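Below: the structure, in C-alpha coordinates.
The values are calculated or read from the model by the stated rules, or taken from the named source; none is laboratory data. This is a predicted model, so every value here is computed, not measured. Don't worry about glycine lacking a Cβ; one is built from the backbone with ideal geometry, like all the others, and counts go over all protein chains shown.
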(Lines give C-alpha, C1' and ligand atoms only; values in the text may rest on other atoms or scores of the structure.)
Protein backbone atom coordinates (compact mmCIF):
# COMPACT_ATOMS: atom_id res chain seq x y z
CA UNK A 1 0.00 0.00 0.00
CA UNK A 2 1.57 3.28 -1.07
CA UNK A 3 1.60 5.89 1.64
CA UNK A 4 2.24 9.51 0.74
CA UNK A 5 4.03 10.90 3.78
CA UNK A 6 4.74 14.15 1.96
CA UNK A 7 1.04 14.95 1.66
CA UNK A 8 -0.69 16.67 4.56
CA UNK A 9 -4.38 16.14 5.07
CA UNK A 10 -6.32 19.37 5.24
CA UNK A 11 -9.66 19.47 6.99
CA UNK A 12 -11.95 22.45 7.02
CA UNK A 13 -15.13 23.32 8.80
CA UNK A 14 -17.47 25.56 6.90
CA UNK A 15 -20.55 27.60 7.48
CA UNK A 16 -22.73 28.70 4.61
CA UNK A 17 -25.37 31.39 4.85
CA UNK A 18 -27.70 32.27 2.02
CA UNK A 19 -29.44 35.64 1.92
CA UNK A 20 -32.18 36.12 -0.62
CA UNK A 21 -33.80 39.35 -1.66
CA UNK A 22 -35.96 39.91 -4.72
CA UNK A 23 -33.61 39.50 -7.69
CA UNK A 24 -30.48 39.09 -5.53
CA UNK A 25 -28.99 36.05 -3.81
CA UNK A 26 -25.96 36.50 -1.58
CA UNK A 27 -23.95 33.57 -0.31
CA UNK A 28 -21.55 33.94 2.61
CA UNK A 29 -19.07 31.08 3.03
CA UNK A 30 -16.84 30.79 6.09
CA UNK A 31 -13.96 28.32 6.00
CA UNK A 32 -11.59 27.58 8.83
CA UNK A 33 -8.97 24.93 9.26
CA UNK A 34 -9.77 22.35 11.92
CA UNK A 35 -6.92 21.02 14.03
CA UNK A 36 -6.83 17.24 13.96
CA UNK A 37 -4.78 15.45 16.55
CA UNK A 38 -2.90 12.36 15.40
CA UNK A 39 -1.23 10.15 18.00
CA UNK A 40 1.29 7.34 18.03
CA UNK A 41 0.16 4.11 19.75
CA UNK A 42 2.20 4.95 22.88
CA UNK A 43 0.25 8.19 23.34
CA UNK A 44 -3.04 6.37 22.72
CA UNK A 45 -2.08 3.86 25.44
CA UNK A 46 -1.31 6.67 27.88
CA UNK A 47 -4.71 8.25 27.27
CA UNK A 48 -6.45 4.89 27.63
CA UNK A 49 -4.62 4.48 30.97
CA UNK A 50 -6.00 7.81 32.20
CA UNK A 51 -2.78 9.74 31.58
CA UNK A 52 -0.45 7.19 33.10
CA UNK A 53 2.36 5.23 31.48
CA UNK A 54 1.39 2.33 33.75
CA UNK A 55 -1.77 0.37 33.20
CA UNK A 56 -3.26 -2.38 31.11
CA UNK A 57 -2.73 -0.51 27.83
CA UNK A 58 0.64 -0.55 26.08
CA UNK A 59 1.57 0.49 22.57
CA UNK A 60 1.74 -3.20 21.65
CA UNK A 61 -1.78 -3.80 22.94
CA UNK A 62 -3.06 -0.73 21.08
CA UNK A 63 -1.48 -2.02 17.85
CA UNK A 64 -2.96 -5.48 18.40
CA UNK A 65 -6.40 -3.99 19.09
CA UNK A 66 -6.26 -1.80 15.97
CA UNK A 67 -5.28 -4.87 13.93
CA UNK A 68 -8.11 -6.93 15.48
CA UNK A 69 -10.55 -4.13 14.63
CA UNK A 70 -9.34 -4.29 11.01
CA UNK A 71 -7.70 -0.84 10.97
CA UNK A 72 -4.14 -1.96 10.37
CA UNK A 73 -2.04 -4.88 9.28
CA UNK A 74 1.64 -5.80 9.49
CA UNK A 75 2.41 -7.73 6.28
CA UNK A 76 6.09 -6.72 5.88
CA UNK A 77 7.23 -6.04 9.43
CA UNK A 78 5.82 -2.49 9.52
CA UNK A 79 2.31 -1.46 10.47
CA UNK A 80 0.19 -0.19 7.58
CA UNK A 81 -3.35 1.08 7.68
CA UNK A 82 -6.03 -0.88 5.86
CA UNK A 83 -8.77 0.50 3.64
CA UNK A 84 -11.01 0.56 6.72
CA UNK A 85 -8.36 2.31 8.85
CA UNK A 86 -7.23 4.94 6.35
CA UNK A 87 -9.95 7.36 7.42
CA UNK A 88 -8.32 7.57 10.87
CA UNK A 89 -4.62 7.21 10.00
CA UNK A 90 -1.74 9.23 8.63
CA UNK A 91 1.87 8.33 8.07
CA UNK A 92 4.71 10.38 9.54
CA UNK A 93 8.27 9.78 8.30
CA UNK A 94 9.78 10.11 11.76
CA UNK A 95 7.11 8.48 13.92
CA UNK A 96 5.48 6.06 11.48
CA UNK A 97 1.78 5.33 11.55
CA UNK A 98 -0.27 7.77 13.61
CA UNK A 99 -3.94 7.65 14.50
CA UNK A 100 -6.62 10.28 14.88
CA UNK A 101 -7.63 10.66 18.52
CA UNK A 102 -11.13 9.43 17.54
CA UNK A 103 -9.76 5.84 17.57
CA UNK A 104 -9.54 6.09 21.38
CA UNK A 105 -13.35 6.15 21.54
CA UNK A 106 -13.54 3.33 18.97
CA UNK A 107 -11.12 1.19 21.01
CA UNK A 108 -13.08 1.80 24.21
CA UNK A 109 -16.32 0.93 22.43
CA UNK A 110 -14.83 -2.24 20.94
CA UNK A 111 -13.29 -3.23 24.28
CA UNK A 112 -16.56 -2.87 26.17
CA UNK A 113 -17.85 -6.16 27.61
CA UNK A 114 -21.41 -4.95 27.06
CA UNK A 115 -20.98 -4.92 23.28
CA UNK A 116 -20.54 -8.69 23.24
CA UNK A 117 -23.63 -9.37 25.33
CA UNK A 118 -26.47 -10.98 23.40
CA UNK A 119 -29.75 -12.31 24.65
CA UNK A 120 -31.58 -15.33 23.30
CA UNK A 121 -35.28 -14.65 23.10
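Residue by residue through region 45-55, note down the ones that are without any contact (Cβ under 8 Å) to a residue 60 or more places away in the chain and touching a helix residue (DSSP H, G or I) at 6+ places or on another chain (Cβ under 8 Å). Passing the criteria: 45, 47, 52, 53, 55.
In region 24-59, the residue that is nearest to the chain's Cα centre (by Cα) out of those that are modelled with pLDDT under 85 and in a loop (DSSP other than H, G, I, E, B) is 36. Filtering region 60-94 down to residues that are outside any loop (DSSP other than H, G, I, E, B) and touching a helix residue (DSSP H, G or I) at 6+ places or on another chain (Cβ under 6 Å), which residue is farthest from residue 42 (Cα to Cα)? Per the criteria, the residue is 72.
Quick check: is even one residue across region 65-85 at pLDDT below 90, buried (at least 17 other Cβ atoms within 10 Å of the Cβ) and within 18 Å of the chain's Cα centre (by Cα)? No, every residue in region 65-85 fails to be at pLDDT below 90, buried (at least 17 other Cβ atoms within 10 Å of the Cβ) and within 18 Å of the chain's Cα centre (by Cα).
Counting the residues of region 101-121 that are surrounded by 10 or more Cβ atoms within 10 Å (Cβ to Cβ), modelled with pLDDT under 90 and not in a helix (DSSP H, G or I) gives 1.
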